[in-house]
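Got a structure here, written out as structure tokens. Questions coming.
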Amino acid sequence: MMSKSDKPLVIVGSATMDLVTRTPRIPATGETLIGTAFETTPGGKGANQAVAAARLGYPVHIVAMVGDDVYGPAIVDNLKSAGVCTDGVAVVHGSSGLAPMFVADSGENSIVVVPGANGKMAPADVDRHADLINSAGMVLCQLEIPIETVSHVLSLCARTGVPVMLDPAPAAALPEAVWAQVAWFTPNETEAACYLDGGQSAEVTASHLLDRGLSAVALKRGAEGAYIATAEGKSGWVAPFAVDAIDTVAAGDCFNGAFAVALLEGLDPFSAARFANAAAALCVTRKGAQASMPARADVDALLAGNFSMTT
Ligand code: RIB
């Protein structure tokens with residue numbers, strides 16, 4: 001268990017503009033559907049996780065890249081207005097990361113990520129923020145920036161002892177050295193299956209992942225809750241909060257931001273996952289990615305059994 005930290009959460013990852021088409025259902029290949037709405041709204045797994053943590057009142061910095069296009073300033077402004085420190089955001093020539101997506105009435109989604117500026121973040125760009133990264137209580141990464149850059153962050157943190165939570169989203173092959181450098185690995189069911197021989201029970205998945213050298217895993221299982229397992233031999237399910245989902249975009253990101261905050265605040269992993277489940281449950285009751293991240297008071301109310309969906 002981590003002791004309570006007075007150090008910030010530092011996110012090294014993507015910041016994107018989501019191009020959201022709302023539709024009755026996800027269209028089949030070759031099908032034309034009439035949509036119900038279209039909106040541009042800030043997203044990107046790194047930025048979403050940063051906003052999730054900031055909305056919960058924790059100090060958060062992001063190291064990211066946006067383009068010098070129309071979307072870059074809007075992405076940065078949204079991070080700032082959520083309370084995320086954006087001193088680590090660089091503007092590069094070309095397009096910002098973009099994510100065209102369908103969100104169906106059922107709340108399900110289908111997303112394509114076009115990396116743009118996110119794909120340009122190199123190890124040298126991370127080195128410019130080495131002092132910030134070394135000052136972190138935890139670093140949180142995803143896989144929407146180049147893998148060699150994520151790998152570099154992990155090596156940097158391994159040298160200085162900063163714990164790293166790696167959200168392997170979207171799933172991609174990882175260098176062997178990564179496994180021993182990760183403090184928390186947080187795949188959803190689809191992502192976890194990519195690192196094994198297909199889908200397995202949460203218990204088997206966790207055991208296979210730990211065998212690779214990981215210290216701890218938090219398996220995000222959506223409406224089933226989360227499964228926690230550590231190399232020290234602690235494991236178990238953490239129950240979900242039942243809500244009516246209208247938009248599941250960024251629910252996993254919400255879990256990650258909240259889980260990192262709760263661990264930094266000194267909660268044990270099971271209590272931290274309960275806190276993160278509560279945050280993610282509120283997230284799916286609201287539309288959008290960063291727009292759906294809940295405030296601390298709402299999460300605390302849900303945990304206390306006092307939250308009313310009409311408030
Ligand atoms: O996890 C949700 C996010 O995935 C979206 O905001 C989109 O930008 C993609 O990165």
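The values are calculated or read from the model by the stated rules, or taken from the named source; none is laboratory data. Note that the structure is a prediction, hence the values are computed from the model and not measured. Note that each Cβ is placed from the backbone with ideal geometry, even for glycine, and that neighbours are counted across all protein chains shown.
So G30 passes all but one of these: (1) of a type outside the set (S, T, N, Q); (2) surrounded by fewer than 24 Cβ atoms within 10 Å (Cβ to Cβ); (3) on the phi < 0 side of the Ramachandran plot. Which condition number does it fail?
(3)
Shifting gears a bit: Any chance the stretch 162-173 includes a residue that's farther than 23 Å from I62 by Cα, in contact with a helix residue (DSSP H, G or I) (Cβ under 7 Å, 6 or more places away or on another chain) and not aliphatic (A, V, I, L, M)?
Here is the first cut: in the stretch 162-173, the residues farther than 23 Å from I62 by Cα are 173.
With in contact with a helix residue (DSSP H, G or I) (Cβ under 7 Å, 6 or more places away or on another chain) added as a condition, the list becomes none.
No - not one qualifying residue is present in the stretch 162-173.
Results for (1) over 22 Å from G257 (Cα atoms); (2) touching a residue at least 12 places away in the same chain (Cβ under 8 Å); (3) of a type outside the set (A, V, I, L, M, F, W, C); (4) touching a helix residue (DSSP H, G or I) at 6+ places or on another chain (Cβ under 6 Å), shown as yes or no for each residue.
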residue: L56; (1), (2), (3), (4): no, yes, no, yes
residue: Y71; (1), (2), (3), (4): yes, yes, yes, no
residue: E108; (1), (2), (3), (4): no, yes, yes, no
residue: I145; (1), (2), (3), (4): no, yes, no, yes
residue: E148; (1), (2), (3), (4): yes, yes, yes, no
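Ok, one more. What are the residues in the stretch 133-151 that are out of contact with any Asp or Glu (no Cβ under 8 Å at 6 or more places or on another chain) and either acidic (D, E) or not in a strand (DSSP E or B) (or both), if any?
Initially, the stretch 133-151 is screened for residues out of contact with any Asp or Glu (no Cβ under 8 Å at 6 or more places or on another chain), giving 133-136, 138-139, 144-148, 150-151.
Passing the criteria: I133, N134, S135, A136, E144, I145, P146, I147, E148, V150, S151.
So which residues in the stretch 26-37 are more than 16 Å from the ligand (Cβ to nearest atom) and part of a loop (DSSP other than H, G, I, E, B)?
The initial filter retains those residues of the stretch 26-37 that are more than 16 Å from the ligand (Cβ to nearest atom), namely 27-37.
Those that are more than 16 Å from the ligand (Cβ to nearest atom) and part of a loop (DSSP other than H, G, I, E, B): P27, A28, T29, G30, E31, T32, L33, I34, G35, T36.
Picking from T40, T23, which residue would you name as being farther than 23 Å from P168 by Cβ and more than 16 Å from the ligand (Cβ to nearest atom)?
It is T23.
Results for (1) assigned to a strand (DSSP E or B); (2) among the aromatic types (F, W, Y); (3) buried (at least 20 other Cβ atoms within 10 Å of the Cβ), shown as yes or no for each residue.
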site	(1), (2), (3)
K80	no, no, no
L98	yes, no, yes
A158	no, no, no
V162	no, no, yes
P168	no, no, yes
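Okay, moving on. Out of Y71, Y58, I need the residue that is of a type in the set (S, T, Y) and within 15 Å of the ligand (Cβ to nearest atom). Which one?
Just one listed residue meets the conditions, Y71.
So, one more: Just name the residue that is surrounded by the fewest Cβ atoms within 10 Å (Cβ to Cβ) out of those in the stretch 280-300 that are of a type in the set (A, V, I, L, M) and farther than 23 Å from A218 by Cβ.
Here is the first cut: in the stretch 280-300, the residues of a type in the set (A, V, I, L, M) are 280-282, 284, 289, 291, 293, 295, 297, 299.
Checking which are farther than 23 Å from A218 by Cβ leaves us with 291, 297.
On the way: A291: 19, A297: 12.
Of everything passing the filter in the stretch 280-300, A297 is surrounded by the fewest Cβ atoms within 10 Å (Cβ to Cβ).
Of the residues F270, F259, which single one is under 20 Å from A218 (Cα atoms), within 15 Å of the ligand (Cβ to nearest atom) and aromatic (F, W, Y)? Before you say what the answer is, go through the steps one by one.
Details: F270 fails: within 15 Å of the ligand (Cβ to nearest atom).
Step by step, each of F270, F259 is checked, and only F259 is under 20 Å from A218 (Cα atoms), within 15 Å of the ligand (Cβ to nearest atom) and aromatic (F, W, Y).
Quick check on the stretch 174-181. Is at least one of its residues charged (D, E, K, R), assigned to a helix (DSSP H, G or I), free of Cβ contacts under 8 Å to residues at least 12 places away in the same chain and over 23 Å from A251 (Cβ atoms)?
The answer is no, given that none of the residues of the stretch 174-181 is charged (D, E, K, R), assigned to a helix (DSSP H, G or I), free of Cβ contacts under 8 Å to residues at least 12 places away in the same chain and over 23 Å from A251 (Cβ atoms).
Being of a type outside the set (S, T, N, Q) and in a helix (DSSP H, G or I): is that true of A262 here? Can you show your working first?
Working: of a type outside the set (S, T, N, Q): yes; in a helix (DSSP H, G or I): yes.
Judged against the criteria, A262 is a match.
If you scan the stretch 1-20, which residues turn out to be surrounded by fewer than 24 Cβ atoms within 10 Å (Cβ to Cβ), among the aliphatic types (A, V, I, L, M) and either more than 13 Å from the ligand (Cβ to nearest atom) or modelled with pLDDT under 95 (or both)?
Answer for the stretch 1-20, where residues must be surrounded by fewer than 24 Cβ atoms within 10 Å (Cβ to Cβ), among the aliphatic types (A, V, I, L, M) and either more than 13 Å from the ligand (Cβ to nearest atom) or modelled with pLDDT under 95 (or both): M1, M2.
Any idea how many residues of the stretch 100-129 are within 10 Å of the ligand (Cβ to nearest atom), crowded, with 19+ Cβ neighbours inside 10 Å and in a loop (DSSP other than H, G, I, E, B)?
Qualifying residue count for the region: 2.
Check G119 against each of (1) touching a residue at least 24 places away in the same chain (Cβ under 8 Å); (2) under 19 Å from L214 (Cα atoms) and name the one condition it does not meet.
Unmet condition: (2).
Which residues, counting only those in the stretch 203-235, are aliphatic (A, V, I, L, M) and buried (at least 21 other Cβ atoms within 10 Å of the Cβ)? So that I can check it myself, show each step before the final result.
Here is the first cut: in the stretch 203-235, the ones aliphatic (A, V, I, L, M) are 204, 206, 209-210, 214, 216-219, 223, 226, 228-229, 231.
Across the stretch 203-235, the qualifying residues are A206, L209, L214, A216, V217, A218, L219, A226, I228, A229.
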